[in-house]
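**Q** I have a structure here, written as structure tokens, and I will follow up with some questions on it.
Please treat every number below as a calculation from the coordinates, not as lab data. Computed from a prediction, not measured in an experiment: that's the story for all the values here. As a convention, Cβ positions derive from the backbone with ideal geometry for all residues, glycine included, and neighbour counts pool all protein chains shown.
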Amino acid sequence: MNFNLAALPADLRDLFNYWSSKRQGARLPARADLDPLEIPHHLSRLCLIDVLPRNGGTGYRYRLVGTEVVSRMARDYTGYGFDEILDRERLAPVLAVYGEVVESALPNFGRDAMPLNGKKNISYERLLLPLAEDGQRVDMLLAGFAFESR
């Protein structure tokens, strides 16, 4: 992990603890292990991201985008691949971070800002949590967001 758990925003720390409680020893939790009824206060700020093998590389597609994420980004990216959303300049560093989570099977925390409709930046903190149907090979990512106040 690239972060100190105590330094995370409270909501993201709570999400990490929930994810961690779903682990079975060294095995990663699967999507099926997560119960939305157990984390209703997080749902609007979550994304589920499919990990897609592609021609010797890895691609990512939003399976689910929470309502607050949609509101903040001013668009629903459900069903879109990262390569359909991000320009090349933004795509490379995003793929590097997400690829690190997939390869290491370890959570990752980051702070970033993204242009919103090319006008202003939206600042956020993001926690990526790996999920694996077989408990080992990461096939999905759970992303939790904490947004700067509007």
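**Q** Using only the alpha carbons of segment 58-150, determine the length spanned along each of the three principal axes and report them from longest to shortest in whole angstroms.
**A** The principal-axis extents, from largest down, are 41, 26, 22 Å.
**Q** Could you give the length gained on full extension between Thr78 and Ala6, defined as 0.36 nm per residue of separation minus the Cα-Cα distance, in nm?
**A** Values: separation 72, 0.36 × 72 = 25.92 nm, distance 3.13 nm.
Gain on stretching Thr78 to Ala6: 22.8 nm.
**Q** For labels at Ala105 and Ala30 in the simple 7 Å Cα→Cβ model, what's the distance in nm?
**A** 1.4
**Q** Choose one answer from Gly25, Gly59, Gly110: the residue with the largest mean-square fluctuation in a GNM of the chain with alpha-carbon springs under 10 Å.
**A** Sorting by GNM fluctuation, first place goes to Gly25.
**Q** For segment 1-86, state what percent of all Cα-Cα pairs lands in each successive 5 Å bin, counting from 0 Å until the bin that includes the largest distance.
**A** Reading upward from the zero bin: 3, 12, 18, 20, 22, 18, 7, 1.
**Q** A further question follows. Once you place label points 7 Å from the Cα toward the Cβ at Asp112 and Arg137, how far apart are they in nm?
**A** Roughly 2.6 nm, to one decimal.
**Q** Taking 0.36 nm per residue of separation and subtracting the Cα-Cα distance, what length does fully extending Ser44 through Thr67 add? Mind showing how you got there, number by number?
**A** Details: separation 23, 0.36 × 23 = 8.28 nm, distance 0.47 nm.
Gain on stretching Ser44 to Thr67: 7.8 nm.
**Q** I'd like the Karplus ³J(HN,Hα) series for segment 8-22: coefficients 6.51, -1.76, 1.60, θ = phi - 60°, whole numbers in Hz, and an x wherever there's a Gly or Pro.
**A** Those phi angles translate into 5, x, 3, 5, 6, 5, 4, 5, 4, 4, 5, 4, 4, 5, 8 Hz.
**Q** Additional query: Work through the residues other than Tyr77 whose Cβ is under 11 Å from its Cβ and net out their charges, Lys, Arg +1 and Asp, Glu -1. It would help to have the intermediate numbers written out before the result.
**A** Numbers: positive: Arg61, Arg63, Arg75; negative: Asp76, Glu84.
Net of charged neighbours comes to +1.
**Q** Which of Ala113, Thr58, Pro93 sits farthest toward the positive end of the charge dipole of segment 55-150, with +1 on the Cβ of Lys and Arg and -1 on the Cβ of Asp and Glu?
**A** Ala113
**Q** Another question, if that's okay. Hey, how much of the P(r) for segment 57-110 falls beyond 16 Å, as a percent of Cα pairs?
**A** On the way: 727 of 1431 pairs.
Here the tail beyond 16 Å accounts for 51 percent of pairs.
**Q** May I ask you to compute the full-extension gain from Leu52 to Asp87, defined as 0.36 nm times their residue separation minus their alpha-carbon distance, rounded to one decimal in nm? Spell out each step's value before the answer.
**A** Details: separation 35, 0.36 × 35 = 12.60 nm, distance 1.89 nm.
Full extension of this stretch gives 10.7 nm more.
**Q** Provide the per-residue ³J(HN,Hα) series for segment 86-98, in order, calculated from phi with Karplus coefficients 6.51, -1.76, 1.60 and θ = phi - 60°, each as a whole number of Hz, with x at glycine and proline positions.
**A** Those phi angles translate into 9, 6, 4, 4, 7, 5, 4, x, 5, 4, 5, 5, 5 Hz.
**Q** Now a separate question. With each run of n ≥ 4 DSSP H residues scored as -39500 (n - 2.57), what mean residue ellipticity at 222 nm is computed for the chain after dividing by its residue count and rounding to the nearest 500 deg cm²/dmol?
**A** Details: 4 runs with 40 residues, N = 150.
Result for the chain: -8000 deg cm²/dmol, rounded to the nearest 500.
**Q** Work out the charge dipole of the chain with +1 on the Cβ of Lys and Arg and -1 on the Cβ of Asp and Glu about the Cα centre, then indicate which of Gln24, Ser44, Leu131 is farthest towards its positive end.
**A** About the Cα centre, the residue reaching furthest to the positive side is Ser44.
**Q** Suppose a student asked you for the relative contact order of segment 59-105, using Cα pairs under 8 Å spaced at least 6 residues apart; what percent would you report?
**A** 35
**Q** Amide H to amide H under 5 Å from Ala30: which residues, 5+ apart in sequence or cross-chain, H placed 1.01 Å off N in plane?
**A** Counting only residues 5 or more places away or on other chains, the set is Ala132.
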